[in-house]
Each structure stands twice: as structure tokens, then as C-alpha cells.
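The values are calculated or read from the model by the stated rules, or taken from the named source; none is laboratory data. Just so you know, these numbers come straight off a predicted model, no measurement behind them. Glycine gets a Cβ as well: all are built from the backbone with ideal geometry, and neighbour counts include every protein chain shown.
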Amino acid sequence: MQAETSAAVVHALGEQALYPVNVSEQSKSGGIRAKSGGKIRRRDVGVMYGQLADLLGAGVPMLRALEIIARSGMRGRMAEVILELRQDVSAGKTLTESLAARPEAFPELHVAMVNAGEHAGFLEDVLNDLATFVERQDELRNKVRGAMIYPLLLGTVGIAVVCLMLVVVVPNLREIFVDVSKMPLLTRIVFAASDLLVKHTVLAICFVVLTITCVVAVFKSQTGHRLWEHWKLKIPVLGKTICVVAITRFCRILGTMLANGVPILTALDIAKDATGSEVLGDSIDQAAESVREGQPLAEPLRSSGLFPVEIVEMISVAEESNQLDRVLVQVADTVEKRTNRQVDTAVRLIEPIILVLMAIMVGAIALALLFPIFTMADQLS
């Protein structure tokens, strides 16, 4: 029982005709000892969403549900986070505010989806969707990591072979050639790279570190982040998959909110944050402005060029038949199945792409060394 003092507990129980045998204060952590520090795994976050959805669906109050989850086997920092959520909720904060205060555990997308669920009264459905979403993300991450082990191993070996050739083989062969300026451009580039690694090792290391630092700084800046958001949607295969995944989230959240009576402008404002894409969010903002002026939703989405034609057509027909909420959820289910197949295809393409890139790199060095040798042999013959 939450109360200011032990006397308040006795008084509250007395009003319910209950007589406590013993009243003792729990520790601030709710009687649960959680180990400080540690990394929060996405898998644990997904498990928490699923358990919270089940408990709320069974009629368990929020505070009691969070306490049960914290006692149900969570360890490390995640257990502490759940206890902190319980304290915030008991202090009068919403679950959305509590999650938003801990961005290291709950991304903005999760907060936006929970916000939509709290506003529209379908929090259990959103938590179930989040649990499934996090689980699929974890499966996809593990799948990508497993698929990348062999290509990364080959890439590491390939880079080691290239560096060995540039440091050991190329300098020995260069002594054979008298006039490097008459060599082909590819051969001169290889010789210059060899000189950089052999004679200016510190300079090469500084150049690599400086390049990585500049790239990271650019991506962290607002302009660089904005450019990356635009560019990643144009990556072959992967960009289309990222865009479709964001559209699927948007359709599911918007359809669920409309089905629960949320006004379309409010629903659009919340659903745009659930996409996880600033570019897509801007196009949804423009669509919301058009809807505010009395225009249908499908036309601004079509003009953005980000939404596939078939999805826009389905939204247009749904608006005419006044079944937008049902059609949006149906679109999300259909597109999600198709996206899973596209992700599997993209993962399978990673390995041959890396192999081809490494083959091109090694082949270019070999060609750069063999071409002048063949030229000298022809001259000697």
C-alpha cells in the first residue's frame, strides 16, 4: 500500500474493516534489489512490453503490473528502470512521460506509440505491437549478424592480404621499374598507396582517424542527420525496405487510433512520430495541413512520392467508402508480410556484394602490378 506514514496505512485499512498484524516500510526500490549499471537489452524491453500488455489486459492496475514485472526475473539495469517507471507513475506521471525520461531504454518511436495508445485507450494493443516489433527487430539483428560473420571474415582477410601486398610485395616490385611516371594510372595509384603505408605510416593512421571523426561529426550535426535521412531512403533495396517499414508503422497506428475515435488531425500528429523517419514525418505534416483545409488524405500522400501507388489507391478508396481505419490496419498487415520477404532478400545480398567488392580490390592491385611486368616483357622480347 502506498501511504505517507505507517499510521496512514493503519487508518486506511481500518476504513476497510481490516486490521494489520504488522506494518513495515519497504526500501525505496520496492523491496527488490537490482544491480546498478549494465546494458539494457532490447530483448528485455520487448519482454517487458509483452508482460505489461498481458497484465493490463487481465485487469491488473498499472502500479501492480510494473511491480510484478520487476519481480518476475528482470535483472540488472532493466529491473531498476521498471522500478523507476513505477515510482514515476505512482507520483502521477503518465507512462509516456515516464518512458520519455529514459531514452537509453525506450526510443522515441516506442514513446510515440505508447503515447498514441494512452490517448486513444488501446494501450494493451500498442504494447503487444511493440513487443512483437522489438522481437522481430531482435530476430532481424541476429539474422543480419549471422549473415555478416562469413563476409566480414573474408573482408578482414582480404584487407590483410591487400595491406601485406602494399607493404611487402609492391615495394620489392617497384625497384624493378625505373620510370614510374610512364606507368599506367592504376599502377601509379597502387605505388602511391604503398608509399603512404610504408614511408608515412603515422600520416596514414592520422588520415584514417581524421576521416572517421569528420564523418561521425557530420552525421551527428542537424544538417548531416537530415541528409542521411534523405540518402538512406535512396539506397538500393535497403532504402525501399526502410521506407515501407516506416509506412507500415504509420498505417497501423493511424488505423488503430481512428478505430478508437481519435480525430484524424490528432491521429496524424501522433502517428507521424511513430514512423521513425523525419522525411516521412514531413510529408505526413503536409498531408495533415491538406486535411485541415478539407482535402482528402490520399492526394498529399501521393504527391510526396514516398508512399507506394497501391497503398495510396487503397487509402483513396477507403476514404470514399468511409472505411479508412479498417483498410489502414489491413494495409499494414499485408505490407508487413511483403516487407519480411524483402528483408530476407536484402540480407542474402550482403554476402555476394562484399565478396564482389573484395574481389575487385584484390584484382585491381594484381592488374596494376602485372600490367607493367607484361609491358616490360614485351619490350625485352
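For the range 58-76, a tally of residues being part of a helix (DSSP H, G or I) and under 21 Å from A91 (Cα atoms) returns 10. Out of curiosity, is L306 outside any helix (DSSP H, G or I) and touching a helix residue (DSSP H, G or I) at 6+ places or on another chain (Cβ under 9 Å)? Yes, satisfied. What do you reckon, is L185 more than 30 Å from R341 (Cα to Cα) and in the same structural domain as F371 (by TED's automatic domain parsing)? Taking the combined requirement at face value, the residue satisfies it.
Residues considered: R174, R141, R145. Of these, the only one that is of a type in the set (K, R), out of contact with any Pro (no Cβ under 6 Å at 6 or more places or on another chain), surrounded by 15 or more Cβ atoms within 10 Å (Cβ to Cβ) and under 30 Å from A359 (Cα atoms) is R174.
Looking at the structure I just gave you, is Q51 surrounded by fewer than 18 Cβ atoms within 10 Å (Cβ to Cβ) and among the polar types (S, T, N, Q)? No, not satisfied. Per the listing G224, G294, G281, G255, the residue uniquely in a loop (DSSP other than H, G, I, E, B), small (G, A, S) and more than 30 Å from V170 (Cα to Cα) is G294.
Of the set (1) surrounded by 10 or more Cβ atoms within 10 Å (Cβ to Cβ); (2) under 39 Å from the mean Cα position of the chain (by Cα), all apply to Q222 but (1).
Selection within the range 36-57: residues that are part of a loop (DSSP other than H, G, I, E, B) and basic (K, R). The member of this set that is nearest to Q137 (Cα to Cα) is R41.
Out of V81, V60, V89, V111, report the one residue that is closer than 23 Å to A246 by Cα and either buried (at least 17 other Cβ atoms within 10 Å of the Cβ) or modelled with pLDDT of 85 or more (or both).
Details: V81 fails: closer than 23 Å to A246 by Cα; V60 fails: closer than 23 Å to A246 by Cα; V89 fails: closer than 23 Å to A246 by Cα.
After applying the criteria, what remains is V111.
Quick one: in the range 313-337, of everything that is surrounded by 19 or more Cβ atoms within 10 Å (Cβ to Cβ) and without any contact (Cβ under 8 Å) to a residue 24 or more places away in the chain, which residue is farthest from L265 (Cα to Cα)? Checking each candidate, the answer is M314. Of note, N260 satisfies the criterion of being modelled with pLDDT under 80, under 30 Å from L123 (Cβ atoms) and either loosely packed, with under 14 Cβ neighbours inside 10 Å or polar (S, T, N, Q) (or both).
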